[in-house]
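**Q** A single structure is presented below for examination.
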Amino acid sequence: MTIKNNLALIRRLLYFYAVIENGRINITAERNGIKAANLSKMLTELEEEIGAPLLERSNQGVKPTVLGQKIYQLSKELSQNISFLLDQTTEHNMEAEISYCFPENFRLNNLEEFHTRHPDILLIEEKSPRADVIVSYQKLPDDVSRIIIKNNFGNTITQTVWVSCRRDLEAAVLFAEFINTSLHL
């Protein structure tokens, strides 16, 4: 089956599910902004594709046949999985997008390792003191909304690197911890 055919089947299954949930073709059509005749045609095409009747139609509405009940359960799972996918995608975009600001000559050699461990966190480089995660060679101003960590390196000559991140963003804290660990390797 081609993607186009699969999409048509998914569409019919989702409409079938909605019809069973609503109990009437015309109510489902109205709620979804299509004509009842077009929806009825889609249901007939689904029945033809499956090769058996799925609905018992009457003046009181529709109800599924025995096979229709099985298809209803599967289409219900399909609808739930699509909703879950959309929920996960929306949360991903809102919660796992963080900005960072590094000094000009600062290099984090194992940044790809962070991407591998946390593919759901999108890092956006930003040259701004308002970034979610900031690495600096100068002491950062105290700020109760941020976690600030001082890192000292070297025995005879000391290099200090400050790492700061927003407390309220779990992904920012995770990235800052990764940076601190990387600095001490």
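**Q** Taking the Cα centroid of segment 101-165 and of segment 45-76, what is the distance between the two, rounded to the nearest whole Å?
**A** If you average the Cα positions of each part, the centres end up 58 Å apart.
**Q** Same structure again: Please give the FRET efficiency for E56 paired with L85, using the beta carbon to beta carbon distance and R0 = 25 Å, rounded to the nearest 0.05.
**A** 0.20
**Q** Also, I was wondering about something else. Of I25, I71, N155, which is farthest on the positive side of the dipole of the chain, counting Cα position, with +1 on Lys and Arg Cβ, -1 on Asp and Glu Cβ, and the Cα centre as origin?
**A** Towards the positive end, the residue furthest out is I25.
**Q** Starting from the Cα of S145, step 7 Å along the direction of its Cβ; do the same at T44; then give the gap between the two resulting points in nm.
**A** Result for the modelled spin labels: 6.1 nm.
**Q** Next up: Rounded to whole Å and sorted largest first, list the principal axis extents of the Cα atoms in the chain.
**A** Computed over the chain, the largest-to-smallest principal extents equal 89, 33, 24 Å.
**Q** Find the percent of Cα-Cα distances in segment 121-161 that exceed 17 Å, and round it to a whole number. Let's see the in-between values first.
**A** Numbers: 359 of 820 pairs.
The share of Cα pairs beyond 17 Å in segment 121-161 comes to 44 percent.
**Q** In debye, nearest 20, what is the charge dipole magnitude of segment 97-183 about its Cα centre with +1 on Lys and Arg Cβ and -1 on Asp and Glu Cβ, if you could check?
**A** Numbers: 9 positive and 13 negative charges, 75 e Å.
That gives a dipole near 360 debye.
**Q** Based on other C-beta atoms within 10 Å, arrange Y137, Y100 from fewest to most.
**A** Y137, Y100
**Q** Dividing the convex hull volume of the alpha carbon atoms of segment 63-171 by its residue count, what do you get in Å³ per residue?
**A** With only Cα atoms used, segment 63-171 gives 143 Å³ per residue.
**Q** Moving to a separate point now. With the convex hull built on the Cα atoms of segment 3-94, state its orientation-averaged projected area in nm².
**A** Approximately 6.7 nm², given one-decimal rounding.
**Q** Please report, in whole Å³, the volume per residue of the convex hull around the C-alpha atoms of segment 113-185.
**A** 95
**Q** Follow-up question, since we're still on this one. Exposure proxy check: R57, R31 ranked by fewest other beta carbons within 10 Å?
**A** R31, R57
Every read-out reported here was derived from the displayed coordinates using simple, explicitly stated rules and does not represent laboratory data. Note that this is a predicted model, so its numbers are computed, not measured. Here Cβ is always computed from backbone atoms with ideal geometry, including for glycine, and neighbour counts include all displayed protein chains.
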